[in-house]
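A quick write-up on the structure given underneath.
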Amino acid sequence: MIRALGKTVTLEPGRGLTKHDFLLPLSDILLDFVEKDLYGPSATFSSQLGCSLAHDFVRLSEVAGQLLWLVDTAPVRTGTPDSISISILAESYLMYLRSACDVIAVIIHTFCIEDKKKGQVPKESFNDLIDWIEKNPSRVPEGIKFVVEHRDWFVELRSIRDKLVHHRFDINIYTDDVAPSFSIMSTGDIHLHTLRKPGEFLEPRLTLTPLMPFLNRATQGALDLSEKIAEVIAAQKGHTP
């Protein structure tokens, strides 16, 4: 059972998904392995990884629903309480998405790396895994070399998340009454408290990024990555999910 909002569902052949169902192929194949060998030595770990990834994406779907409602339905203007709600939801979204990437890194290490090489390959960090793949092209299994293609969106996501968690930055929300954009600013810097005319940007001028397109791009990157890893694992194991 996936915690809180979701549960695993087995569909009969030919039956389609409803609007309440979502197929996450990487979780799907890991839970297939569990069902095939419930009492095997790797069943618990496969279950933990499959459910952990699903948990992150269930959380993402819930936060996305709230963000979409605020952006599309509620009156959003810069400086209103809506901006606070959006910033809190956006920070939560980035945390869960970053977490999902690290779960995928552990899955890659577990299922896509030969046992004799596991000690050489980073396990817990997707960023470290990308670095290792780039620096050791001759030692990387052919099936996972594509992982480096996901560097751009991940580095952008990681940079923002690390600033929020480790470097005392905040997400600040701005809107033109159509859709919100965001900037990352250091919390409590003296220039934040300088009086300025209404609507005037701080100096140096802030860089605004449209919020929803950014979250969409990063989320699609993580989903594409997880789906390709599922295909690699299925091919290696000769398994049809």
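The values are calculated or read from the model by the stated rules, or taken from the named source; none is laboratory data. Just so it is clear, the model here is predicted, and its values are computed rather than measured. Here the Cβ is made from the backbone with ideal geometry for all residues, glycine too, and neighbour counts use every protein chain on show. The accessibility values were calculated without ligands, DNA or RNA, using every heavy atom of the protein model including side chains. Shrake-Rupley method; radii C 1.70, N 1.55, O 1.52, S 1.80 Å.
Ordering of 159-170, 121-132 by packing is 121-132, 159-170, highest average first (other Cβ atoms within 10 Å, averaged per residue). Span-like helix check, the chain: qualifying full DSSP H segments, with Cα axial length of 27 Å or more and mean Kyte-Doolittle of -0.5 or more, are 43-72, 81-112, 211-237.
If I stretch the segment between Thr18 and Glu231 completely, what's the gain in nm (0.36 nm per residue apart, minus their alpha carbon distance), one decimal?
Taking Thr18 through Glu231 to full extension adds about 74.3 nm, to one decimal.
Take the Cα of Phe45, go 7 Å toward its beta carbon, and the backbone nitrogen atoms of the stretch 124-148 under 18 Å from that spot belong to 124-126, 129.
Counting only protein heavy atoms and using a 1.4 Å probe, what share of the accessible area of the stretch 11-118 belongs to carbon plus sulfur, as a whole percent? Answer for the stretch 11-118: carbon and sulfur cover 56 percent of the accessible area. For the stretch 7-107, the square roots of the Cα gyration tensor eigenvalues, ordered a ≥ b ≥ c, give a/c of at least 1.5 with a/b no greater than b/c, which places it in the oblate category. With protein chains left intact and a 1.4 Å probe, residues in the stretch 103-163 average 48 Å² of accessible area per residue. Going toward the positive end of the dipole of the chain, with +1 on Lys and Arg Cβ and -1 on Asp and Glu Cβ, which of Ala222, Leu208, Gly40 do you reach last? Farthest along the dipole direction, towards plus: Gly40.
Of all the options Gly221, Gly16, Gly50, the one that moves most in a Gaussian network model of the chain with Cα springs shorter than 10 angstrom is Gly16.
Would you check the accessible area of Glu114, probe 1.4 Å, heavy atoms only, in square angstrom rounded to 10? Per-residue accessible area (Glu114): approximately 90 Å².
Annotation: amide H-H contacts under 5 Å for Met185 (H modelled 1.01 Å from N, sequence separation of 5 or more, or interchain): Asp170, Asn172.
For the pair Val165 and Ala179, the difference between a 0.36 nm per residue extended length and the Cα-Cα distance amounts to 2.5 nm. Across Tyr96, Tyr39, Tyr174, the residue with the most accessible area heads the list, and the full order at a 1.4 Å probe is Tyr39, Tyr96, Tyr174.
Note on surface exposure: Leu223, Leu53 rank Leu223, Leu53 by accessible area, highest first, 1.4 Å probe.
Cα centroid separation, the stretch 220-234 to the stretch 67-139: 14 Å.
Taking springs between alpha-carbon atoms closer than 10 angstrom, which of Asp152, Asp32, Asp21 fluctuates most in the Gaussian network model of the chain? Highest fluctuation of the listed residues: Asp21.
Counting only heavy atoms of the protein chains and using a 1.4 Å probe, Ser61 has close to 70 Å² of accessible surface.
Every helix of 4 or more DSSP H residues in the chain counts as -39500 (n - 2.57), and over all residues that averages to -18500 deg cm²/dmol at 222 nm.
The label point for Thr209 and the one for Lys135, both projected 7 Å from the Cα toward the Cβ, are 2.5 nm apart. Note on surface exposure: Cys112, Cys51 rank Cys51, Cys112 by accessible area, highest first, 1.4 Å probe.
For the options Val103, Val58, Val148, a Gaussian network treatment of the chain with springs between C-alpha atoms closer than 10 Å singles out Val148 as fluctuating the most. This structure gives volume of the Cα convex hull per residue in Å³, computed directly, and of (i) 184; (ii) 152; (iii) 136 that value is listed as (ii). Once the other residues with Cβ under 11 Å from the Cβ of Arg217 are scored (Lys, Arg +1; Asp, Glu -1), what is the net sum? Neighbourhood net charge equals -3. Note on Asp72/Asp115: beta-carbon distance plugged into 1/(1 + (r/R0)^6) with R0 of 41 Å gives a FRET efficiency of 0.25.
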